[in-house]
Amino acid sequence: MERVIKVARMQLINKWVFIGLPLLILGCAFVFSLAIFWIVRENGGEGTMYGGGAQAPMWYFLALGIQALTLTFPFSQAMSVSRRSFYLGTVLLFGVCALALSVFYYLMGLLEKATGGWWMDARFFALEWVADNNGAVQIGFYFVLMVLLFMVGFLIATIYMRWRTTGLLVFFIALGVLLLGVIALLTFNQLWGNFWTWALTWTAAGVTLWGGVVAVVMAGGSYLTLRKATVA
């Protein structure tokens, strides 16, 4: 565990990447959204206003998953850090960051409700589909979404470190073929209506559960790939 903690501290040498940028992205998205809400309201806009800017830092975590491996893995190998310790330390650090940000989202959602949508009937943090659930579901939803995006980026990075450009090319071609096959299956069997009917039944708790399962699968795949990764 001591080695795992040391890896987490090594990742935090550049605190800007793990802490500064996500907060800057979220802050800018929030301020810009409030400005847009105010402009709309001052020009006669009526009804509840919604903004999706809160998801902006979450998509950054996909890039963060890539950076967390490619920027520090070579250094860790030069310092004789085991791949297992590097993996666990990196995932632990991100899990803590994701949990802290998830709690922040939840608290800001409560503040948003208490102020009547920032006194403008606006929704930035407390979107109904998520905010109508209890606090545990809300925090879990944000946490799983962030971890899932991080693991997507981390898995892509491990594929590159293991098989380089050729591996990434094969991976994305295979992914494209799979998606095309699913689209063709739904289209030729006229199942799009059934698909959207089923999709509309999803709940935040359900998405949290299945998103967590997918994140665990990706975590396992990235670890197995990282075990054979090289820096050369």
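The values are calculated or read from the model by the stated rules, or taken from the named source; none is laboratory data. What you are looking at is a predicted structure, and each value in this text was computed from that prediction instead of being measured. With ideal geometry, Cβ positions are generated from the backbone for all residues, glycine too; neighbour counts draw on all protein chains shown. The protein model used for the area step is the full one, side chains on, heavy atoms only, and it has no ligands, DNA or RNA in it. Shrake-Rupley method; radii C 1.70, N 1.55, O 1.52, S 1.80 Å.
Couplings for the range 206-222, taken from phi via the Karplus curve 6.51 cos²θ - 1.76 cosθ + 1.60 with θ = phi - 60°, read x, 5, 4, 5, 6, x, x, 4, 4, 4, 5, 4, 5, 4, x, x, 5 Hz in order; Gly and Pro are left as x. Only one item in (i) 0.94; (ii) 1.03; (iii) 0.96 matches Rg/Rh (Cα atoms, Kirkwood Rh) derived from the coordinates shown, and that item is (ii). Round to the nearest 10 and report in Å² the accessible area of Ile183, as given by a 1.4 Å probe over the protein chains' heavy atoms. Approximately 80 Å² for this residue. The label point for Val213 and the one for Ala114, both projected 7 Å from the Cα toward the Cβ, are 3.8 nm apart. Surface composition of the chain: carbon plus sulfur atoms contribute 73% of the solvent-accessible area (1.4 Å probe, protein chains only, all chains present). For the chain, modelled as a Gaussian network with Cα springs under 10 Å, which listed residue fluctuates most, Met120, Met218, Met146? Of Met120, Met218, Met146, the most mobile in the Gaussian network model is Met120. Scanning residues 5 or more positions from Gly45 or on other chains, none has an amide H under 5 Å from its amide H, with H placed 1.01 Å from N in the peptide plane. Name the most mobile residue of Phe154, Phe104, Phe94, meaning the one with the largest mean-square fluctuation, in a Gaussian network model of the chain with Cα contacts below 10 Å. Of the options given, Phe104 has the highest mean-square fluctuation. Take 95-103, 129-137 and order them by the average number of nearby Cβ atoms within 10 Å per residue, most first; the result is 95-103, 129-137.
Relative to the Cα centre, the charge distribution of the range 106-205, modelled as +1 at Lys and Arg Cβ and -1 at Asp and Glu Cβ, gives a dipole magnitude of about 440 debye. Dipole orientation for the chain: of the candidates Trp163, Gly221, Trp38, Trp163 has the Cα lying most toward the positive pole (charges on Cβ; Lys, Arg +1; Asp, Glu -1). With 0.36 nm allotted per residue and the present C-alpha distance subtracted, the Leu71-Trp129 stretch has 17.2 nm of extension available. For Arg123, the residues whose amide H sits under 5 Å from its own are Met49, Tyr50, Gly51, ignoring neighbours fewer than 5 places away on the same chain, with H placed 1.01 Å from N. Our coupling estimate for the range 26-38, obtained by passing each phi through the Karplus curve with A = 6.51, B = -1.76, C = 1.60 and θ = phi - 60°, is 5, x, 5, 4, 5, 5, 5, 5, 4, 5, 5, 4, 5 Hz, Gly and Pro reported as x. Cβ-Cβ distance of Leu99 and Ile36, R₀ of 30 Å, FRET efficiency by 1/(1 + (r/R0)^6): the value works out to about 0.50. Look at the dipole of the chain built from charges on Cβ: of Tyr87, Val182, Val103, the Cα furthest out on the positive end belongs to Tyr87.
Label-to-label distance, Trp59 versus Met1, with points set 7 angstrom from Cα along the beta-carbon direction: 3.9 nm.
Taking the Cα centre of the range 1-231 as origin, sum charge times position over the Cβ atoms of Lys and Arg (+1) and Asp and Glu (-1), and report the length of that vector in debye to the nearest 20.
It comes to approximately 1240 debye.
In order along the range 187-194, phi translates into HN-Hα couplings of 6, 5, 9, 6, 9, 4, x, 5 Hz, rounded to whole numbers, per the Karplus curve 6.51 cos²θ - 1.76 cosθ + 1.60 with θ = phi - 60° and x for Gly and Pro. In this rough spin-label picture, where each label sits 7 Å from Cα along the Cβ direction, the Arg84-Leu200 distance is 5.0 nm. Highest mobility in the GNM of the chain, judged by mean-square fluctuation with C-alpha springs under 10 Å and restricted to Arg41, Arg123, Arg162, is found for Arg41. Accessible surface calculations at 1.4 Å, restricted to protein heavy atoms, place the chain at 57 Å² per residue. The angle separating the long axis of helix 56-70 from the principal Cα axis of greatest extent in the chain is about 10 degrees.
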